[in-house]
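The values are calculated or read from the model by the stated rules, or taken from the named source; none is laboratory data. Keep in mind that this is a model prediction, so the values were computed, not measured. Cβ placement follows ideal geometry from the backbone for every residue including glycine, while neighbour counts extend to all protein chains displayed. Just so you know, the surface numbers come from the protein's heavy atoms only, side chains and all, with ligands and any DNA or RNA stripped out. Shrake-Rupley method; radii C 1.70, N 1.55, O 1.52, S 1.80 Å.
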Amino acid sequence: MQEPGSAGAAHVTVTRFRTRYAETDAMGVVHHATYPVWFEMGRSDFMREIGIPYAQVEERGYYFMLSGLNVRYRAAARYDEELTLTTRVGELKSRTCTFTYEVRRGDDLVATGETQHICTDRAYRPSRLPDDVLAALRGEPRPA
């Protein structure tokens with residue numbers, strides 16, 4: 001995990017976990033549909049670490065709607081392997097945010113990916129990211 005108090009574009013969240021049996025297919029390989037679920041886990045961890053849990057963003061009436069998803073599979077992951085998911089902010093604009101991901105088994109790259117999100121209000125209309133959320137995602141220090 002990252003040092004407390006560090007945040008945003010320079011911030012990197014590292015999530016370590018073991019693959020679960022339910023995530024594998026008949027060949028004993030982690031199913032391709034599992035990776036977006038792991039990416040969501042990484043985003044949630046990232047938002048908590050920068051001090052703005054996603055639940056708080058929703059409570060304020062905003063959603064980070066998924067507008068794009070890309071996964072590139074490099075090597076098979078199997079049941080009970082320890083993996084490391086690295087999450088960071090890629091491109092950031094006033095209404096959109098891209099998160100990038102790397103899944104590794106030790107030094108071996110298993111998969112890379114990215115998710116694109118558009119900020120909306122509760123009526124699903126595009127909306128500007130709240131200033132404090134945008135600042136945190138940029139890595140700007142939080143006001144005292």
Going through region 75-86 in order, the residues found to be outside any strand (DSSP E or B) and open to solvent by 60 Å² or more (accessible area, probe 1.4 Å) are Tyr79, Asp80
Among the residues of region 87-125, write down those that are among the polar types (S, T, N, Q) and surrounded by fewer than 16 Cβ atoms within 10 Å (Cβ to Cβ).
Ser94
Return only the number of the condition from (1) among the hydrophobic types (A, V, I, L, M, F, W, C); (2) under 17 Å from the mean Cα position of the chain (by Cα); (3) within 23 Å of Glu23 (Cβ to Cβ) that Ala77 does not satisfy.
(2)
For region 126-144, enumerate the residues that are touching a helix residue (DSSP H, G or I) at 6+ places or on another chain (Cβ under 7 Å) and surrounded by 18 or more Cβ atoms within 10 Å (Cβ to Cβ).
Val133, Ala136, Leu137
If you take the residues of region 37-74 that are small (Gly, Ala, Ser) and in a helix (DSSP H, G or I), which of them is farthest from Ala22 (Cα to Cα)?
Ala55
Kindly indicate which of Glu81, Glu59 is touching a Ser or Thr at 6+ places or on another chain (Cβ under 8 Å) and modelled with pLDDT of 95 or more.
Glu81
Being surrounded by 14 or more Cβ atoms within 10 Å (Cβ to Cβ), out of contact with any helix residue (DSSP H, G or I) (no Cβ under 8 Å at 6 or more places or on another chain) and assigned to a strand (DSSP E or B), is that true of even one residue in region 15-24?
yes
Go through Thr100, Thr115 for me and flag whichever is part of a strand (DSSP E or B), of a type in the set (Val, Ile, Thr) and free of Cβ contacts under 8 Å to residues at least 24 places away in the same chain.
Thr100
So, in region 42-69, exactly how many residues are in contact (Cβ under 8 Å) with a residue 12 or more places away in the chain, more than 21 Å from Ser94 (Cβ to Cβ) and either surrounded by 14 or more Cβ atoms within 10 Å (Cβ to Cβ) or touching a His at 6+ places or on another chain (Cβ under 6 Å) (or both)?
3
